[in-house]
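Colleague: Input: one structure, supplied below.
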Amino acid sequence: MPLTSDPPIDQPIDPSTDPSIDKATGPSPAASAEDLGKLTVVPVRHPWRWAAVAATAVLLAQFLHGLVTNPGWEWDVFARFFTTETILRAVWVTLQLTFYGTVLGFALGIVLAFMRLSASPFLRAVSYAYIWAFRSIPLIVQLLFWFNLAYLYKELRFGIPFGPGFFSFDTMNLVGAMSAAVLGLALHQAAYAAEIVRGGVLAVDSGQSEAAAALGIPRLRQLRRIVLPQAMRSILPNAANEIVSLFKGTSIVSVMAIGELFYQVQVVYGRNGRVVPLLMVATVWYILLTTVLSVLQHYVERHYAKGAVR
């Protein structure tokens, strides 16, 4: 038989030769149901799945047992320091750094995103250069640079460009440790926020803006009522990830001796030597506040998903 020949076709069953089929009415429904009832239904077994569940449960139980019974965790020390005034002040500083870094970073990021989307090659180039530079330099280097800004510029002067200044500020007094930390976090965050916003805007079909323009809707109103509500669905998950990363990343400002959560924990266990329970204090606070941020993210995403998710 040639290799290209068609496969054999099953011959149709002749009802006159099959005794189970009535020649006048065909197979009866009762006979068909009786035949199906004779079939033995065997559920699909997943032995490896059950083995994985058992192994994971054993490991989880061992971990929890170690947390409860191992005296090295020193849960009494953890409970004593978890809500002390020093730790609560450090949590407040951490929240302030996160808030200012997020607000200023996303405000500048939105400007950079629309510069990158503009028709001007100069604005696109400036925005691209900023994003490239601030994503390339490690955050800790940026923080230390802003912390030592007074070494380069003794004062900041406002006036006519390349001309006389009207008033000036002493950089040493203007940019302290906290200001340098907020400045560094915000400028670093702006580079990532710009790409998140740009990606969200590009995710909206350009035909909608063209249709709105054809209807005579002003450009600013197109952006506010058509583009941004849809772009937010793409922006929010990535933006929430960035905020959570920034919240945990505030611990890096401990190199500038700012009293945020991780720095204060280091100071306390440097005095009493209780490293593990103090690290657990910081860990639980980070987990609690990240959980709150995740819950807020859920409700904000649900708000902007109205009309898109049934």
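Colleague: Label 7 Å along Cα→Cβ of GLN208; region 232-248 residues with amide nitrogen under 12 Å?
Modeller: 232-235
Colleague: Would you mind listing how long the chain runs along its three principal axes, going by Cα atoms, in whole Å with the largest first?
Modeller: The Cα atoms of the chain stretch 110, 70, 45 Å along their principal axes.
Colleague: If you don't mind, there's one more thing I want to ask. Cut-off 10 angstrom, C-alpha nodes, Gaussian network model of the chain. Which of ARG80, ARG219, ARG124 fluctuates the most?
Modeller: Maximum fluctuation in the GNM of the chain, among the listed residues, is at ARG219.
Colleague: Also, I was wondering about something else. Amide H to amide H under 5 Å from GLU155: which residues, 5+ apart in sequence or cross-chain, H placed 1.01 Å off N in plane?
Modeller: THR171
Colleague: While we're looking at this one, here's another question. Counting Lys and Arg as +1 and Asp and Glu as -1, what is the net charge of the other residues whose Cβ lies under 13 Å from the Cβ of MET115? Intermediate values should be presented prior to the final figure.
Modeller: Numbers: positive: ARG116, ARG124, ARG198; negative: GLU195.
Local charge sum for MET115: +2.
Colleague: Relative contact order (percent) for the chain, with alpha-carbon contacts under 8 angstrom and 6 or more residues of separation?
Modeller: With pairs under 8 Å counted, the relative contact order is 22 percent.
Colleague: OK, next. Quick one: net charge of VAL197's neighbours, Cβ under 12 Å, K/R +1, D/E -1?
Modeller: 0
Colleague: Normalised by the number of residues in region 186-310, what is the relative contact order in percent for Cα pairs under 8 Å and 6+ residues apart?
Modeller: Relative contact order of region 186-310: 26 percent.
Colleague: For MET256, MET280, give me the order by solvent-accessible area with a 1.4 Å probe, most accessible first, ignoring ligands, DNA and RNA.
Modeller: MET280, MET256
Colleague: Can you give me the solvent accessible area of TYR299 with a 1.4 Å probe, rounded to the nearest 10 Å²?
Modeller: 120
Colleague: How much accessible area per residue does the chain have, counting only protein heavy atoms and a probe of 1.4 Å, in square angstrom? Walk me through the numbers on the way to the answer.
Modeller: Working: 21000 Å² over 310 residues.
Heavy-atom SASA per residue in the chain reads 68 Å².
Colleague: From zero up to wherever the largest Cα-Cα distance of region 156-244 sits, split into 5 Å bins and tell me the percent of pairs in each.
Modeller: Cα pair-distance distribution for region 156-244, in percent: 3, 12, 14, 12, 11, 11, 10, 12, 11, 5, 1.
Colleague: Do me a favour and compute the ellipsoid semi-axes for region 78-164 from its Cα gyration tensor, root of five times each eigenvalue, largest one first, whole Å. Each step should come with its number before you reach the end.
Modeller: Working: eigenvalues 244, 84, 35 Å².
Each semi-axis is the square root of five times an eigenvalue, giving 35, 20, 13 Å.
Colleague: Let me ask another. Where a ≥ b ≥ c are the square roots of the eigenvalues of the C-alpha gyration tensor, would you call region 117-175 rounded, which needs a/c under 1.5, or, failing that, prolate if a/b is larger than b/c, or oblate?
Modeller: Judged from the Cα gyration tensor, region 117-175 comes out oblate (a/c at least 1.5, b/c at or above a/b).
Colleague: Apply the a/c threshold of 1.5 to the C-alpha gyration tensor of region 198-310 and tell me whether it is rounded, prolate or oblate.
Modeller: It comes out prolate by the Cα gyration axes.
Colleague: Could you tell me the center-to-center distance, by alpha carbons, between region 95-144 and region 222-245 in angstrom?
Modeller: When both Cα centres are located, 16 Å separates them.
Colleague: Further question on the same structure: For region 151-206, what class follows from the C-alpha gyration tensor (a ≥ b ≥ c being the square roots of its eigenvalues): rounded when a/c is under 1.5, otherwise prolate if a/b is larger than b/c, else oblate?
Modeller: Oblate.
Colleague: Right, next: At 1.4 Å probe size, with the rest of the protein present, what percent of the exposed accessible area of the chain is carbon and sulfur atoms?
Modeller: For the chain, the apolar C and S fraction of the accessible surface comes to 66 percent.
The values are calculated or read from the model by the stated rules, or taken from the named source; none is laboratory data. Please read these numbers as outputs of a predicted model, since none were measured by experiment. Neighbour counts are summed over all protein chains in view; Cβ atoms, including those assigned to glycine, are modelled from backbone coordinates with ideal geometry. Surface accessibility is based on the protein's heavy atoms, side chains included, excluding ligands, DNA and RNA. Shrake-Rupley method; radii C 1.70, N 1.55, O 1.52, S 1.80 Å.
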